[in-house]
């Protein structure tokens, strides 16, 4: 239980750091673009980012729509869209893998499968809870022998040790 609690709290702390950084970047970017209430949009972006996959785009829709109304022409609208695209790409491809990487112990494929399964089972609530539930299942798979298949399926650790994998490949003449 302690290991599961530690992993989930590390995950939530990393998510708080990423979301706060994202919200500050949104607020600063929108302030320099000249959009009214930039601090409010940054705060909303921080809060909505806690909803996986769809939250950032819901948070981006409002400032993008406001920039279409406030500014004349397409340039500022495209700059606002570009800001959100750049921030999403940076946070999804740089910050999240770097901070989530070894801290949760769940493989990338395990995260995708778990998000799909929990969303199918419980809808949007399952999507929000998918990562903490999957981390708990991975830890249970490590410590409960009957659930060891969960550790093999979801964990980022290889199922076989290096010397056993090498021996297996030697037996099959695999490169």
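Which one of these is farther than 30 Å from residue 6 by Cβ and surrounded by fewer than 15 Cβ atoms within 10 Å (Cβ to Cβ): 60, 72? Walk me through it before giving the result.
Details: 60 fails: surrounded by fewer than 15 Cβ atoms within 10 Å (Cβ to Cβ).
Residue meeting the stated conditions: 72.
Output the residues belonging to segment 73-91 that are closer than 12 Å to residue 34 by Cβ and without any contact (Cβ under 8 Å) to a residue 12 or more places away in the chain.
75
Being at positive phi and surrounded by fewer than 19 Cβ atoms within 10 Å (Cβ to Cβ), is that true of even one residue in segment 22-37? Full working, then the answer.
Taking segment 22-37 first, the residues at positive phi are 34, 37.
If we keep only those that are surrounded by fewer than 19 Cβ atoms within 10 Å (Cβ to Cβ) as well, we get 34, 37.
Within segment 22-37, one or more residues are at positive phi and surrounded by fewer than 19 Cβ atoms within 10 Å (Cβ to Cβ).
Could you tell me which numbered condition residue 115 fails, if it satisfies all but one of (1) outside the structural domain of residue 131 (by TED's automatic domain parsing); (2) surrounded by 17 or more Cβ atoms within 10 Å (Cβ to Cβ)?
(1)
Within segment 1-56, track down each residue that is touching a residue at least 40 places away in the same chain (Cβ under 8 Å) and closer than 22 Å to residue 71 by Cα.
25, 26, 29, 30, 33, 34, 35
Among the residues of segment 3-13, is there at least one that is loosely packed, with under 15 Cβ neighbours inside 10 Å, within 21 Å of residue 95 (Cβ to Cβ) and either at pLDDT 95 or above or in contact with a strand residue (DSSP E or B) (Cβ under 8 Å, 6 or more places away or on another chain) (or both)?
No, there is no match, as no residue in segment 3-13 is loosely packed, with under 15 Cβ neighbours inside 10 Å, within 21 Å of residue 95 (Cβ to Cβ) and either at pLDDT 95 or above or in contact with a strand residue (DSSP E or B) (Cβ under 8 Å, 6 or more places away or on another chain) (or both).
With respect to the numbered conditions (1) surrounded by 11 or more Cβ atoms within 10 Å (Cβ to Cβ); (2) over 25 Å from the mean Cα position of the chain (by Cα), which one is the sole condition not fulfilled by residue 151?
Condition (2) is where residue 151 drops out.
Please indicate, with yes or no, whether at least one residue in segment 75-83 is loosely packed, with under 12 Cβ neighbours inside 10 Å, at pLDDT 80 or above and part of a loop (DSSP other than H, G, I, E, B).
No.
For segment 89-131, which positions are modelled with pLDDT of 85 or more, touching a helix residue (DSSP H, G or I) at 6+ places or on another chain (Cβ under 6 Å) and under 18 Å from residue 18 (Cα atoms)?
Matches in segment 89-131: 91 only.
The values are calculated or read from the model by the stated rules, or taken from the named source; none is laboratory data. Note that the structure is predicted; figures quoted are calculated from it, not measured. Here Cβ is always computed from backbone atoms with ideal geometry, including for glycine, and neighbour counts include all displayed protein chains.
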